[in-house]
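Below is one structure, written out as structure tokens; comments come after it.
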Amino acid sequence: TANGKAVRRKAKRQSRAPRFSASATAPMAGGGGGRKPATSSSPSSRRQKPRASREFGPERSLESQKEGLCSSSPSVSSTESTLQMVIPGLLKSLDSPVQPPKSLDSPLQTVKQVQPRKSLDSLVQMVGSMQLSKSTESKSASSGSGAAGSDLGAAPFDICMGNSKGTVILKHGLLEINREKRRAKELSDIAPVQHLRPGMVLLKNFLKPDDQVKIIKHCRDLGVGPGGFYQPGYREGAKLSLRMMCLGKNWDPDSGSYGDIRRFDAAQPPKIPEELTKYVKDAIAASHEFLKQRGKGATNPDAELPVMSPDICIVNFYTTSGKLGFHQDNNEQRSSLARGLPVVSFSLGDTAEFLYGDVRDDDKASKIKLESGDVLIFGGQSRHIFHGVSSIAPKSAPLWVTDKANLRPGRLNLTFRQYNYKGSVNVTPAPFDTCVCDNNTAPLQHLRPGMVLLKKFLKANDQVEIFKLCHNLGVNARECLCLGKKCNQYSNSYGDMRPFDGAQPDIPEIFKKLVEDAIEASHEFLEQRRGTSNALVELPPMSPDMCTVRFDTIIPTIVLRQDTDVTETSLARELPVVSFWLGDSAEFLYPGIRDDVASKIDLESGDVLIFGSQSRRISHAVSSIKPRTAPMWLVDKTDLQAGLLNLTFRQYYHV
Ligand SMILES: O=C(O)CCC(=O)C(=O)O
Ligand SMILES: [Fe+2]
């Protein structure tokens, strides 16, 4: 229905947003709100107007501020004074009342520069709440969402607070102790393993307290070194509401791809520490044990949740205002995704509300709490779930996490993955049904893995519109019309303008929308056919930025060619080529299931052909045009003479 289509279009529009959308249109993401949060736009404006942090507003009471500092020591007995030491930044502000504003990007410097000099007791008396709030405000700004650790090579971000140089030592209030007791009681009532859906298992409280502390310390140490925590963002300026550090390979949110070095500072991501890999293996083993028992030995747990050996990990630190937009993790290699190798996610510190579901609609998502020590695993049939973090519950971390590890208020999350699947076990290629193409009139046909034909997908009105637009843009039987600034009319490479007239026509919006609709329809088709959700692997989503338009009446020579004149990244991601066929029918050659035997299909007016992933590099050709086969209504309604109009869309750049 028209309504259903509109809904799908809306979903599609959202799905083209970046993985961790920081835009205002993605409600869960972007602590700063809009696409270009004012607080992250320029360092100088940041300094002049430090943003009031949601965690440490100056109006908060001294008590709650102290709690927020998270630097308690387990050795403090309840008889000790509540505040025994103050953070060094505070001491400094006592010595010299007028402080030059500190760079918000360098929390570490603040710690290093100042030494405690006065007796602590007298200091405690002297510290007014005003001073404490000022100092904590500047600290919290460095952990806030909009300011520090930008990708301009800022000082690394320390996920822990207070170290040998001075710490806030707090006694735990009755309230906190009771909360801790309640938590322990709750945990003892909760099932230790929860099977959330096929391929998705939650191991509650799996990581032991000491192991959690070790993991936090590993991340802290790596995080302040080269390739450590920074605040990632997009080229146009929007920032994610979290700090990130990548291990093994760098994941770049802007291009949605992995690489060996980080773009902005050329840092090489550190390797995953061996000790952490062990916890991942233990977690997978535990979930297998659970699946085995559950299936009474009858099922093969590896089929539901394949074993994986992590070589990449994304470590996220969320302050209490951090979040992460609804997204899928699909930037790993196709072999890894197709095999369903799981993502193994560790949660530490404050509790997150985690959303997940089959469709990109967070209203329809299921919600779970991820608490410190929880391990969530999603692979197999759940590898492509949409998921995100909607909120972090302040002060929900167990006391020993904050005491022993000194983790800042917030949450640390590690997601381990295996980039590439290289095992000797058969990588199940995207399941492919050979019988589909027999019926040449089925509305959607799966011609080969990664290749889909949508019969008569373009409606009569759309076809007329496309004809007219192409006519106005100057298509004729002699020249190829290039849209989207890239043109290869006379050379093998694409230039930014048409060499023959210097024009740079863009792709009309209606064309882009039709391409989007066609890809979306193919995804739905592939998902329905297979009952699994890795259609995105078989046909990676693409947004066309270039299009060649040809109008031909005859094909003088049959040239089998590959369509590879796009950037290397676009080709490496195997982003699909989408072509529209209008007017007279064409006979089209392409490799059959056996690559060496050509198959033929008839492409009729309104057909859309898509080939990507495993079919991205097929050699193909139009072998003939069948005169007078164009629908009469099309000939009547357009000025063009009979012939074949072909529009081929590609995504030249992959960003
Ligand atoms: O923080 C989380 O629990 C999720 C992280 C995530 O989805 C990711 O890094 O891709
Ligand atoms: Fe994710």
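The values are calculated or read from the model by the stated rules, or taken from the named source; none is laboratory data. Since the model is a prediction, treat every value here as computed from it, not as a measurement. Counting neighbours? That spans all protein chains shown, and the Cβs are built from the backbone with ideal geometry, glycine included.
Here are a few things to note about the model shown:
- Test result for Gln333, under 23 Å from Pro232 (Cα atoms) and surrounded by fewer than 23 Cβ atoms within 10 Å (Cβ to Cβ): yes
- Residue among Arg294, Arg339 that is over 18 Å from the mean Cα position of the chain (by Cα), of a type in the set (D, E, K, R) and under 20 Å from His523 (Cβ atoms): Arg339
- Any pair with Cβ under 6 angstrom, 6 or more apart, that starts in the stretch 333-352 at a residue that is within 30 Å of Asp403 (Cα to Cα) and ends at one that is more than 14 Å from ligand 1 (Cβ to nearest atom) and in a helix (DSSP H, G or I): Val344/Val280; Val344/Ala283; Leu348/Gln212; Leu348/Ile216; Gly349/Val401
- Here the stretch 202-227 is the region considered, the condition is being within 20 Å of Phe354 (Cα to Cα) and in contact with a helix residue (DSSP H, G or I) (Cβ under 8 Å, 6 or more places away or on another chain), and the residue that is surrounded by the most Cβ atoms within 10 Å (Cβ to Cβ) is Gln212.
- Residue identified as more than 16 Å from ligand 2 (Cβ to nearest atom) and outside the structural domain of Ala535 (by TED's automatic domain parsing) among Pro394, Pro342: Pro394
- If the condition is being in a helix (DSSP H, G or I) and within 14 Å of Asn461 (Cβ to Cβ), then the stretch 626-644 contributes Trp633, Leu634, Asp636, Lys637.
- Within the stretch 190-201, considering residues that are hydrophobic (A, V, I, L, M, F, W, C) and not in a loop (DSSP other than H, G, I, E, B), the one surrounded by the fewest Cβ atoms within 10 Å (Cβ to Cβ): Leu196
- Residue within the stretch 366-379 that is more than 19 Å from Val315 (Cα to Cα) and within 13 Å of ligand 1 (Cβ to nearest atom) present: yes
- Tallying residues that are touching a residue at least 24 places away in the same chain (Cβ under 8 Å) and closer than 30 Å to Gln231 by Cβ within the stretch 264-292 yields 15.
- Search result, residues across the stretch 327-380 that are aliphatic (A, V, I, L, M) and over 28 Å from Leu539 (Cβ atoms): Leu348, Ala352, Ile368, Leu370, Val375
- For Lys404, the conditions (1) within 14 Å of ligand 1 (Cβ to nearest atom); (2) surrounded by fewer than 22 Cβ atoms within 10 Å (Cβ to Cβ); (3) closer than 17 Å to Lys217 by Cβ all hold with the exception of (1).
- Count - residues of the stretch 590-612 that are modelled with pLDDT of 90 or more and closer than 17 Å to Glu538 by Cβ: 5
- Of everything listed in (1) within 16 Å of ligand 2 (Cβ to nearest atom); (2) over 25 Å from Ala352 (Cβ atoms), the single unmet condition for Glu289 is (1).
- Residues satisfying the stated conditions in the stretch 319-344, i.e. more than 9 Å from ligand 1 (Cβ to nearest atom), part of a strand (DSSP E or B) and farther than 27 Å from Ala286 by Cα: Gly325, Phe326
- The residues in the stretch 293-318 that are in a loop (DSSP other than H, G, I, E, B) and either over 29 Å from Asp260 (Cβ atoms) or in contact (Cβ under 8 Å) with a residue 40 or more places away in the chain (or both) can be counted, and the count is 12.
- Residue check for Leu348: within 15 Å of Ile159 (Cβ to Cβ), crowded, with 20+ Cβ neighbours inside 10 Å and either within 14 Å of ligand 2 (Cβ to nearest atom) or modelled with pLDDT of 95 or more (or both): yes
- Considering Thr277, Thr320, Thr299, the condition of being modelled with pLDDT of 95 or more, surrounded by fewer than 22 Cβ atoms within 10 Å (Cβ to Cβ), over 24 Å from Glu574 (Cβ atoms) and among the hydroxyl-bearing types (Ser, Thr, Tyr) is satisfied by Thr277 alone.
- Restricting the stretch 358-373 to residues that are at pLDDT 90 or above and either hydroxyl-bearing (Ser, Thr, Tyr) or within 15 Å of ligand 2 (Cβ to nearest atom) (or both), the residue that is surrounded by the fewest Cβ atoms within 10 Å (Cβ to Cβ) is Ser366.
- For the stretch 222-265, a residue qualifies if it is of a type in the set (Lys, Arg) and part of a strand (DSSP E or B), and the qualifying residues are Lys239, Arg243.
- Taken across the stretch 211-221, residues that are of a type in the set (A, V, I, L, M), closer than 16 Å to Asn413 by Cβ and not in a helix (DSSP H, G or I) do not occur at all.
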